[in-house]
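These notes are about the structure you will find just below.
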Amino acid sequence: MARQARKTSPTGYYHVMMRGNNREGILKKEWQKVYFSELLKTIENIEVVAYCIMDNHVHLVIKGEVSDLSCALKKVNIKYAMMINREGNRIGHVFQDRFRSEEIFDEAHLLRVVRYVHNNPVKAGIVREPGAYHWSSFGEYVDGDVVVTSVTSVTSDKERDFVMWFFAGKSSEFIRFHYKQDFSEYLDTSEEIENNRTQVAQAIIEGFCNERGIIGAKEIYRNLEWAEDLVAELLQKTKLSHRHIAKLVGVSASSVHRASLATQTKD
């Protein structure tokens, strides 16, 4: 089967994710993250807007032509694989398949993706705030901190200035933006997507309880009307399976399925 051609972004911005083969922690050690960071600085014809290096995958926000994007990241992958294979006395692929990418459609979308990338370690439970994680571009935006070995930033000066323009150049506003809730779904590993969906659902349940003065979740289970309202909201605002929603709310999967059908009928 022929590979599907990558879609061209109307803005020239892309959200890219590269994952370790077989979910392997190919970036777990500090020197591996340092080396990968240095490789990102060598890429040509594209601009790095934001990044986050996790233990088994990498998020990038990049601006450039699709052809340049593929060429640049292919070189990074090859160089990194050669190093990891040599150091680990191993052979074969290091990254899983080719990198995945999604188009960024406008400036608001760009800012949200940058926020999502910086918050990846927060959502994964590694740190409590994005500034506490040393392997993302958050520090380069806030106060110019560069954790990697050389003085040069990974991100493009021009692109950082462009992003910060939306916050009047104020780090405080940039930081505040990163604490805003966002229920949208972005490119990620299947495990992180499921984890993010659960976190979104938990936030919705917490908000639901606060609005109605509900002290404990058990109160919802005892009130059929509340349970139906909450199920409807979760169906509307999340992409969780019916079984998962049923488990969170404490009702049967068939009840959630009926609520879903009722919602479709109304639409």
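The values are calculated or read from the model by the stated rules, or taken from the named source; none is laboratory data. Keep in mind that what you see is a predicted model, and the values were worked out from it rather than measured. Quick reminder, even Gly has a Cβ in these numbers, built from the backbone with ideal geometry, and neighbours come from all protein chains shown. Just the protein is used for accessible areas: all its heavy atoms, side chains included, with ligands, DNA and RNA removed. Shrake-Rupley method; radii C 1.70, N 1.55, O 1.52, S 1.80 Å.
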| Going by average Cβ neighbours within 10 Å, how do the peptides 48-54, 26-32 rank, with the highest at the top? | 48-54, 26-32
| Where the accessible area of the chain is counted over protein heavy atoms with a 1.4 Å probe, how much of it, in %, is carbon and sulfur? | 49 percent
| query | Roughly how many nanometres apart are two label points built 7 Å out from the Cα toward the Cβ at A5 and Q181? | reply | 4.2 nm
| Sites S171 and Y221 - FRET efficiency at Förster radius 51 Å, r taken between beta-carbons, to 0.05 | 0.70
| query | Which entries of K74/K123; K29/K75; K74/K239; K75/K237 show an alpha-carbon separation above 31 angstrom in the structure shown? | reply | K74/K239; K75/K237
| note | What the Cα atoms of the chain span along the principal axes, largest first and in whole Å, is 59, 48, 35
| Across region 176-260, how large is the tail of the calculated P(r) beyond 21 Å, expressed as a percent of all Cα pairs? | 31 percent
| note | Nearest 10, in degrees from 0 to 90: the angle of helix 66-88 to the longest Cα principal axis of the chain is 80 degrees
